[in-house]
Amino acid sequence: SAGYTKEELRIADEYDAKWQAARQNPNLREAIVALRSLLVMIDGHSFLEHHRTELLKALGQADVAAGQAKAAIIVYEQLLKASNEDCKPTGSYPGNCGDAKLGMASAKALDGQWEGALDLAGQAIESFKRQIKIEEAWAAKEDIHYVHLMELGYAKLVSSNIHARAKRAAEAKELLKQSIADLEEVVSHSAEQPGLQTSAQRYLDIAKKQQ
């Protein structure tokens, strides 16, 4: 709490409480309204700025889930802007860029912008591959490697779905095969990380149903 006034701490606590409530709200429309109100809070208080990326990601996912393609595209444009440094070739955390591009790919697919969606999904996969490459020297068998391998496998699964919907059956099939291989590797190496293993298994189950 060093450096924060009592009022700033109160606002930060209010933000955290509203964030938790929005994330747990089963009513998607209400959750989206709540998440948008949190964006207004961040815009008004610079000390909340570190929450922006996480919030935009959640809001974009909620908009896509609600079928609000145009709203999601606007949110993901903001997320890409916030992830600008990570999207540069010299970026130290390209996985953040991959998250933003994968989200935008889903939003554009929902809007019927197939070429843009396919291109962005491919760029997202490359971002996650680059993240793994950056960490190769020191994290080859560390938990973080498998976290990012799961993200890569999930990106391939999303891309496979977009290819299938865009009537690109051969590419969809190949991406699905690669996704399953990545996710199976994560599941087999994450026994000591039950949270990671559960997430990877969930994506793997989805992938296998689509074979």
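The values are calculated or read from the model by the stated rules, or taken from the named source; none is laboratory data. Keep in mind it's a predicted model, so treat the numbers as computed, not measured. Quick reminder, even Gly has a Cβ in these numbers, built from the backbone with ideal geometry, and neighbours come from all protein chains shown. Keep in mind that these areas ignore ligands, DNA and RNA; they rest on the heavy atoms of the full protein, side chains included. Shrake-Rupley method; radii C 1.70, N 1.55, O 1.52, S 1.80 Å.
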**Study point:** Every residue from segment 16-33 that is among the hydrophobic types (A, V, I, L, M, F, W, C) and either outside any helix (DSSP H, G or I) or under 14 Å from residue 66 (Cα atoms) (or both)
**Key:** 28, 31, 32, 33
Check your understanding: Among 154, 146, 203, which is the only one that is in a helix (DSSP H, G or I) and modelled with pLDDT under 95?
Key -> 146
Revision key, fill the gap. Taking segment 189-204 and keeping residues open to solvent by less than 80 Å² (accessible area, probe 1.4 Å) and either in contact with a helix residue (DSSP H, G or I) (Cβ under 9 Å, 6 or more places away or on another chain) or touching a residue at least 60 places away in the same chain (Cβ under 8 Å) (or both) leaves 190, 191, 193, 196, 197, 199, 200, 201, 203, 204
Review point. So which pairs qualify, if the first residue must be in segment 20-49 and closer than 25 Å to residue 4 by Cβ, the second must be aromatic (Phe, Trp, Tyr) and open to solvent by less than 50 Å² (accessible area, probe 1.4 Å), the Cβ gap must be under 9 Å, and the two must be at least 6 apart or on different chains?
Key: 34/19; 35/19; 38/15; 38/19; 41/15; 42/15; 45/15; 48/15
Check your understanding: Any idea which of (1) part of a helix (DSSP H, G or I); (2) of a type outside the set (S, T, N, Q); (3) surrounded by fewer than 18 Cβ atoms within 10 Å (Cβ to Cβ) is the one residue 112 doesn't satisfy?
Key -> (1)
Check your understanding: Which one of 29, 10, 52 is out of contact with any Leu (no Cβ under 7 Å at 6 or more places or on another chain), open to solvent by 90 Å² or more (accessible area, probe 1.4 Å) and within 29 Å of residue 120 (Cβ to Cβ)?
Key -> 29
Point to revise | Total residues in segment 65-93, condition over 12 Å from the mean Cα position of the chain (by Cα) and either at positive phi or in a helix (DSSP H, G or I) (or both) | key: 17
**Study point:** Test: residue in segment 57-68 that is of a type in the set (A, V, I, L, M, F, W, C) and over 30 Å from residue 11 (Cα atoms)
**Key:** no
